[in-house]
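Colleague: Quick one: structure below, then a few questions.
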């Protein structure tokens, strides 16, 4: 079973995923990075050269591959949940929705460079994506955490504690108690 992060573009899924993987002693898989590595193209280039439909197919394949790996932290692209095959693939995995305000997503997206679906009026585009995707995030999430106003380290620590209370193993079986304490 994998721990999967979902949420709006620029919510911090990749950064939080890396921090969680480190704390949990697991591998971190970012599906956008997997697609870029497989194709040798950036996500914006894929969108412009092949279109969104091709990207979504490749994304579904990357998600299926990532979820087939044993015990990983997987960060999904913000729109991955719009694909039925991805939603079905999430069954049996622990899904965490990293929820951020529109204001936070706009600030972060403005810093993050080109994002194909956020071209034009950034506020309007993110508001529309949030309106369309929020019900999917809510329906799929086992846990919801707010990424607003929280630094990455404390957020990752809080989520590890929450997952532990919910029965998620917070350290690989081969770690000692001292190592677990160091990561908590």
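Colleague: For region 134-155, give me each residue that is in contact with a helix residue (DSSP H, G or I) (Cβ under 6 Å, 6 or more places away or on another chain) and farther than 12 Å from residue 5 by Cα.
Modeller: Result: 136, 148, 152.
Colleague: While we're here: Among the residues of region 70-82, is any in a helix (DSSP H, G or I), closer than 24 Å to residue 144 by Cβ, modelled with pLDDT of 95 or more and touching a strand residue (DSSP E or B) at 6+ places or on another chain (Cβ under 6 Å)?
Modeller: Yes, some residue in region 70-82 is in a helix (DSSP H, G or I), closer than 24 Å to residue 144 by Cβ, modelled with pLDDT of 95 or more and touching a strand residue (DSSP E or B) at 6+ places or on another chain (Cβ under 6 Å).
Colleague: Can I ask one more? Quick check: is even one residue across region 166-183 in contact with a helix residue (DSSP H, G or I) (Cβ under 8 Å, 6 or more places away or on another chain), assigned to a helix (DSSP H, G or I) and either modelled with pLDDT of 75 or more or surrounded by 14 or more Cβ atoms within 10 Å (Cβ to Cβ) (or both)?
Modeller: yes
Colleague: Another question, then. Could you identify the single residue in 8, 3 that is touching a helix residue (DSSP H, G or I) at 6+ places or on another chain (Cβ under 7 Å), buried (at least 20 other Cβ atoms within 10 Å of the Cβ), on the phi < 0 side of the Ramachandran plot and modelled with pLDDT of 95 or more?
Modeller: So the residue among 8, 3 that is touching a helix residue (DSSP H, G or I) at 6+ places or on another chain (Cβ under 7 Å), buried (at least 20 other Cβ atoms within 10 Å of the Cβ), on the phi < 0 side of the Ramachandran plot and modelled with pLDDT of 95 or more is 3.
Colleague: Do we have residue 53 as under 17 Å from residue 143 (Cα atoms) and exposed (fewer than 15 other Cβ atoms within 10 Å of the Cβ) here?
Modeller: No: the conditions fail for residue 53.
Colleague: Within region 147-165, take every residue that is at pLDDT below 90 and within 15 Å of the chain's Cα centre (by Cα) and give me the one that is surrounded by the most Cβ atoms within 10 Å (Cβ to Cβ).
Modeller: Taking the candidates together, the pick is 147.
Colleague: Quick check: is even one residue across region 73-84 within 14 Å of the chain's Cα centre (by Cα) and surrounded by fewer than 18 Cβ atoms within 10 Å (Cβ to Cβ)? I'd like the intermediate steps shown before the answer.
Modeller: At the first step, the residues of region 73-84 found to be within 14 Å of the chain's Cα centre (by Cα) are 73-82.
In the following step, the residues that additionally are surrounded by fewer than 18 Cβ atoms within 10 Å (Cβ to Cβ) were identified as 82.
Scanning region 73-84, I find at least one residue that is within 14 Å of the chain's Cα centre (by Cα) and surrounded by fewer than 18 Cβ atoms within 10 Å (Cβ to Cβ), so the answer is yes.
Colleague: Can you tell me which residue within region 125-145, out of those that are surrounded by 15 or more Cβ atoms within 10 Å (Cβ to Cβ) and either at pLDDT below 90 or assigned to a helix (DSSP H, G or I) (or both), is farthest from the chain's Cα centre (by Cα)?
Modeller: 125
The values are calculated or read from the model by the stated rules, or taken from the named source; none is laboratory data. None of the values given here were measured: they were computed from a predicted structure. As a convention, Cβ positions derive from the backbone with ideal geometry for all residues, glycine included, and neighbour counts pool all protein chains shown.
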